[in-house]
1. Only Lys, Arg, Asp and Glu count, each charged at its Cβ (+1, +1, -1, -1), so figure out the dipole size of the stretch 12-66 about its Cα centre, rounded to 20 debye.
2. Quick one: Kirkwood hydrodynamic radius for the stretch 1-47, alpha-carbon pairs, angstrom, one decimal?
3. Over all distinct Cα pairs, what is the inverse of the mean 1/r for the stretch 67-112, reported as the Kirkwood hydrodynamic radius in Å?
4. Averaged over all directions, how much area does the convex hull of the C-alpha atoms of the stretch 135-205 cover when projected, in nm²?
5. Taking the Cα centre of the chain as the origin and placing charges on Cβ (Lys, Arg +1; Asp, Glu -1), which of 97, 183, 30 is farthest toward the positive end of the dipole?
6. How large is the charge dipole for the stretch 48-109, taken about the Cα centre, if only the Cβ atoms of Lys, Arg (+1) and Asp, Glu (-1) carry charge, to the nearest 20 debye?
7. Give me the compactness ratio for the chain, meaning the Cα radius of gyration over 2.2 N^0.38 Å.
8. Taking the C-alpha atoms of the stretch 74-188, how large are the radius of gyration and the largest Cα-Cα span, Dmax, in Å?
Amino acid sequence: GFRAWSKGRKCIWRQEGVWDVDQKGNPIVLKPDHFSTRKNMPVDFAADYMAPFVDDFSRAMREADPECVIFIEDEPDINPRVRNLDHLKPLVCAAHWYDVMTLLSKHYFEWFTLDRDTQKPVIGRKRIDRLFTRQLAGLKESARLMGGIPTLLGEFGIPFDMNSKQAYQNSDYRPQGKALDRSYRAVEANLLDSTLWNYTADNSN
């Protein structure tokens, strides 16, 4: 029930004519392809939006700090697709990656997960290990295709409040340990540098 727009302002997408309301006050879509086409052509997010943004952002940052390193990430859970960035180096591929099933359910399933690319179930510990290792290998390959830039897994980890926060009451963090270990095995199999999400240096658990 909270407005996203400043007081007295309309929704920017309504101002752009993407939608409006009919005589009964019901919302109606006027431009259903507004976000999927550009200049009457299907949108290529990487080429049409991400690459120009990275270019503009990098140039602006380097006006303030000519030696700064730019970290790049694409859409969540998608390997970076921007290419031809040699003129912007130094750059780092800093994509995020998660065990999607554990992240979304806040529960560790030892024998089961979902393949983020195919949306199909993967059953068996060894199959899951191979899947995660392959996914992170794909991320490293993306960095190679971006001009051989270094890879830093910009964010990965587990929800430490899994299982309805039971560990906070009983101090049994074994499910968290198993889930984090599984993700770390895939990171280590690819010799990736990584940044752990949800880490607090003064946490004593």
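1. Values: 7 positive and 10 negative charges, 39 e Å.
The calculation lands at about 180 debye.
2. 12.6
3. With all distinct Cα pairs of the stretch 67-112 included, I get 12.9 Å.
4. Approximately 5.4 nm², given one-decimal rounding.
5. Comparing the listed Cα positions along the dipole, 30 ranks first.
6. Details: 6 positive and 12 negative charges, 29 e Å.
With Lys and Arg at +1 and Asp and Glu at -1, about 140 debye.
7. 1.28
8. Cα only, the stretch 74-188: 15.8, 54 Å (Rg, Dmax).
The values are calculated or read from the model by the stated rules, or taken from the named source; none is laboratory data. Please read these numbers as outputs of a predicted model, since none were measured by experiment. Cβ atoms come from the backbone with ideal geometry, glycine included; neighbour counts cover every protein chain shown. When the accessible area is computed, the model is the full protein with side chains, heavy atoms only, and any ligands, DNA or RNA have been set aside. Shrake-Rupley method; radii C 1.70, N 1.55, O 1.52, S 1.80 Å.
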